[in-house]
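Trainee: Pasting a structure here, questions to come.
The values are calculated or read from the model by the stated rules, or taken from the named source; none is laboratory data. Since the model is a prediction, treat every value here as computed from it, not as a measurement. Cβ: placed from backbone, ideal geometry, glycine included. Neighbour counts: every protein chain shown. Just so you know, the surface numbers come from the protein's heavy atoms only, side chains and all, with ligands and any DNA or RNA stripped out. Shrake-Rupley method; radii C 1.70, N 1.55, O 1.52, S 1.80 Å.
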Amino acid sequence: QVQLVESGGGSVQAGGSLKLSCAASGYTYSSNCIVGWFRQAAGKGREGVAAIYTVAGTTIYVGSVKGRFTISQDNAKSTVYLQMNSLKPEDTAMYYCAAKIGCGSSLISSLYNYWGQGTQVTVSS
């Protein structure tokens, strides 16, 4: 069974940093074309944050996090990271890692095939 496990969430002050990790197992990492990060704040829908193409390393970000967040990967470890800097209270959400077999649209949650359990990020003012 394909498994994705997130870690690295926590509580930080505004302006601080966190680094999330997503470890994949149960399949060949590069068989997924895209791995992405999504977030869901309380009472809101799921939002695509960032994605990375596993082979080429091309990255995509939602506009609100450009310049603050960086997605990266370690193919040998089958792990994707999300470095989050200059955090704002509005970044507070449950963050989910997801993997997509197809190479189409990268920030549409309904198109992803596998999902992790999520890790909570809380940013205080």
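Trainee: Which number comes out as Rg/Rh for segment 69-125 once both Rg and the Kirkwood Rh are worked out on C-alpha atoms?
Mentor: On the way: Rg = 13.1 Å, Rh = 13.1 Å.
With Rh from the inverse mean 1/r over Cα pairs, Rg/Rh is 1.00.
Trainee: Above 26 Å lies some portion of the pair distances; for the chain, what is it as a whole percent of all C-alpha pairs? Intermediate values should be presented prior to the final figure.
Mentor: Values: 1046 of 7750 pairs.
Result for the distance tail: 13 percent.
Trainee: Accessible area per residue, 1.4 Å probe, Å², for the chain: what's the number? Numbers along the way, then the final one.
Mentor: Working: 5910 Å² over 125 residues.
I get 47 Å² per residue for this part.
Trainee: Who wins for biggest fluctuation among Ala56, Ala24, Ala93 in a Gaussian network model of the chain, springs between alpha carbons below 10 Å?
Mentor: With Cα springs under 10 Å in the chain, the top fluctuation among Ala56, Ala24, Ala93 is at Ala56.
Trainee: Roughly how many percent of the accessible protein surface of the chain is carbon and sulfur, given a 1.4 Å probe and a whole-percent answer? Working shown, then result.
Mentor: Numbers: 2900 of 5910 Å².
Carbon-and-sulfur percentage of accessible area, whole number: 49.
Trainee: Report, in debye and to the nearest 20, how large the dipole of segment 57-108 comes out about its Cα centre when Lys and Arg carry +1 and Asp and Glu carry -1 on their Cβ. Walk me through the numbers before you get to the answer.
Mentor: On the way: 5 positive and 3 negative charges, 14 e Å.
The dipole magnitude comes to about 60 debye.
Trainee: Val55: net charge of surrounding residues, Cβ under 15 Å, Lys/Arg +1, Asp/Glu -1, itself excluded?
Mentor: 0
Trainee: To continue, here is another question. Could you tell me the relative contact order of segment 17-125? Use alpha-carbon pairs under 8 Å, at least six residues apart, and round to a whole percent.
Mentor: Values: 229 pairs, mean separation 35.1, N = 109.
Relative contact order here is 32 percent.
Trainee: Still on this structure, please answer the following. Just to be sure I follow the definition: excluding the sites themselves, where is the longest run in the chain that has none of the trypsin sites (Lys or Arg not before Pro) in a DSSP loop with at most 13 other Cβ atoms within 10 Å? All intermediate terms of the calculation are to be shown ahead of the outcome.
Mentor: On the way: sites that count: Lys44, Lys66.
So the longest stretch without any such site is 67-125.
Trainee: With a 10 Å cut-off between alpha carbons and a GNM built on the chain, which of Gly48, Gly26, Gly102 moves the most?
Mentor: Top of the fluctuation ranking is Gly26.
Trainee: Counting only other residues whose beta carbon sits under 14 Å from that of Ser64, what net charge do I get with K and R as +1, D and E as -1? If you can, show how the numbers build up before the last one.
Mentor: Numbers: positive: Arg39, Lys44, Lys66, Arg68, Lys88; negative: Glu47, Glu90, Asp91.
For residues surrounding Ser64, the net value is +2.
Trainee: Taking R0 as 41 Å, what FRET efficiency do you get between Ser124 and Ser31 from their Cβ-Cβ distance, rounded to the nearest 0.05?
Mentor: On the way: r = 39 Å, r/R0 = 0.96.
The pair Ser124/Ser31 has a calculated efficiency of 0.55.
Trainee: Given a Förster radius of 22 Å and the C-beta distance between Trp115 and Val55 as r, what FRET efficiency does 1/(1 + (r/R0)^6) yield to the nearest 0.05?
Mentor: 0.55
Trainee: If r is the Cβ-Cβ distance from Ile108 to Ala76 and R0 is 35 Å, what FRET efficiency results, to the nearest 0.05?
Mentor: Numbers: r = 28 Å, r/R0 = 0.81.
Once rounded, the FRET efficiency stands at 0.75.
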